[in-house]
Amino acid sequence: MIVEVFKTDVNEIELCHSLISQVHAHYPNSRVNFDMEDCDKILRVEAELIAPEK
């Protein structure tokens, strides 16, 4: 399992849900979440294979 962690500037929960849906479209079997309490608004993606440029 590969884990990628991204610093974001996402501030709205609705946008989080939208982005999670988009990531799932590219990586259907992935685990995706945001840490909105972190100062860097972390997006974490876990999948078998990840291409961060997508």
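The values are calculated or read from the model by the stated rules, or taken from the named source; none is laboratory data. This structure is a prediction, so every number in the text was calculated from the model and none was measured. As a convention, Cβ positions derive from the backbone with ideal geometry for all residues, glycine included, and neighbour counts pool all protein chains shown. Just the protein is used for accessible areas: all its heavy atoms, side chains included, with ligands, DNA and RNA removed. Shrake-Rupley method; radii C 1.70, N 1.55, O 1.52, S 1.80 Å.
Based on Cα contacts under 8 Å between residues 6+ apart, the chain shows a relative contact order of 50 percent. Subtracting the Cα-Cα distance of Met1 and Asn33 from 0.36 nm times their residue separation leaves 10.0 nm of extension gain. Taking amide H positions as modeled 1.01 Å from N, with prolines and chain starts lacking one, no residue 5 or more places away or on another chain lies under 5 Å from Val10. Using a probe of 1.4 angstrom and keeping all protein chains present, the accessible surface of the chain works out to 75 square angstrom per residue. Put a plus charge on the Cβ of each Lys and Arg, a minus charge on the Cβ of each Asp and Glu, and nothing anywhere else: the dipole of the chain about its Cα centre is then about 180 debye. Sorted into 10 angstrom bins from 0, the C-alpha pair distances of the chain split as 25, 58, 17 percent. Which is farthest toward the positive dipole end of the chain among Met1, Val45, Phe34, measuring Cα position about the Cα centre, with Cβ charges +1 (Lys, Arg) and -1 (Asp, Glu)? The listed residue farthest towards the positive side: Met1.
Could you work out how far helix 13-26 tilts from the main Cα principal axis of the chain, as a 0 to 90 degree angle to the nearest 10? Its long axis makes an angle of about 10 degrees.
Between Gln22 and Leu49, the C-beta separation translates, for a Förster distance of 25 Å, into a calculated FRET efficiency of about 0.90. Ranked by the mean number of other Cβ atoms within 10 Å of their residues, highest first, the peptides 40-48, 7-15 come out as 40-48, 7-15.
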